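The values are calculated or read from the model by the stated rules, or taken from the named source; none is laboratory data. No experiment lies behind these values; they were computed from the predicted model shown. With ideal geometry, Cβ positions are generated from the backbone for all residues, glycine too; neighbour counts draw on all protein chains shown.
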Amino acid sequence: MVNPVDYADRTSEPRNMDALNTSTEKREVRVTLVSHSTLLYWWPVWVFGYVCAIITALGGIRASVDEGKSILISSGNALGLTFLTVLLLVILFTNMKLRGVYSAFAILFVAFIAVLFAWLGWWDNIFAFIPDLNVHMNVGFYVVFSTVLAIIWALAFFVFDRMKVWIVRPGQLTVKEMVGGGETSYDARGMLFEEESDDLFRHILLGFGSGDLRITTAGAKREEFYLPNVLFANWKTKQAQNLLSVKLDKVE
């Protein structure tokens, strides 16, 4: 015959352990926010640079230079001009903020002008207007330029941008400085957490869902944090708002 007390003790213990584990998991849930520099959006330049190097290496021609040396370049201007176009567009749109409908209008306008000029055959006339226009980059230029830019991009993305992070836990926001190990925590009560409108070119086309976030704390010492270029901003905003809305019970 089973002792009712012993049976109750055995059945209640796993439930308490499950509750404890669930509580522990909830405490460990967090969202880490990293504000990146505009170098985040420069990946198409060095990626396309490697593509141009491969195209030039496979289908390029040899050109003589000083001291009898030769370099491998593309046979026409199209590849070099395309690379310059990509570089200039990235420089332009990463330094000029156009949000919402203005960003979409700017991209559609540039695309419309490019297609219109091509359909009317004006590009050849424009290039012919500039005497001796020849844009050629050799394989060495593409490889060196892309490699240096890729290293700078990686250092910014994985090291320098993560020197300061914002960690959202249930009911609490913590600002953590990696250098010096300083941390400042803020209570979630009255905290405003919002995502600003998207820039179509930067956030959607180049950032794969990045965005700019703004956090405003409440209380006597009111502070505002602006976090530009946060990856997966929409998803992280929803997760952070859910965590900040959690009210932690006091443990006696």
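Before moving on, here are some points about what is shown:
- Scanning segment 190-241 for residues that are over 18 Å from the mean Cα position of the chain (by Cα) and of a type in the set (S, T, Y) yields a count of 2.
- Pair list, Cβ < 6 Å and 6+ apart or interchain, from segment 212-223 residues that are under 19 Å from G171 (Cβ atoms) to residues that are surrounded by 14 or more Cβ atoms within 10 Å (Cβ to Cβ) and among the β-branched types (V, I, T): L213/V230; E223/T217
- Answer from G219, G171, G180, G211 - the residue that is touching a His at 6+ places or on another chain (Cβ under 6 Å) and not polar (S, T, N, Q): G211
- Any hit, segment 170-190, residues being in contact (Cβ under 8 Å) with a residue 24 or more places away in the chain, over 30 Å from L84 (Cβ atoms) and of a type in the set (V, I, T): yes
- Taken across segment 189-203, residues that are modelled with pLDDT of 90 or more, surrounded by fewer than 18 Cβ atoms within 10 Å (Cβ to Cβ) and either more than 30 Å from I91 (Cβ to Cβ) or outside the structural domain of P44 (by TED's automatic domain parsing) (or both) do not occur at all.
- Condition check for T147 on (1) under 20 Å from the mean Cα position of the chain (by Cα); (2) of a type in the set (S, T, N, Q); (3) not assigned by TED's automatic domain parsing to the domain that holds T94: one failure, at (3).
- Tally of residues being loosely packed, with under 14 Cβ neighbours inside 10 Å and closer than 30 Å to R189 by Cα across segment 132-175: 1
- Yes/no for W235 being modelled with pLDDT of 90 or more, over 21 Å from W42 (Cα atoms) and in contact with a strand residue (DSSP E or B) (Cβ under 7 Å, 6 or more places away or on another chain): no
- Only one of the numbered conditions (1) over 28 Å from W46 (Cα atoms); (2) in contact with a Ser or Thr (Cβ under 7 Å, 6 or more places away or on another chain); (3) among the acidic types (D, E) is violated by D199, and that is (1).
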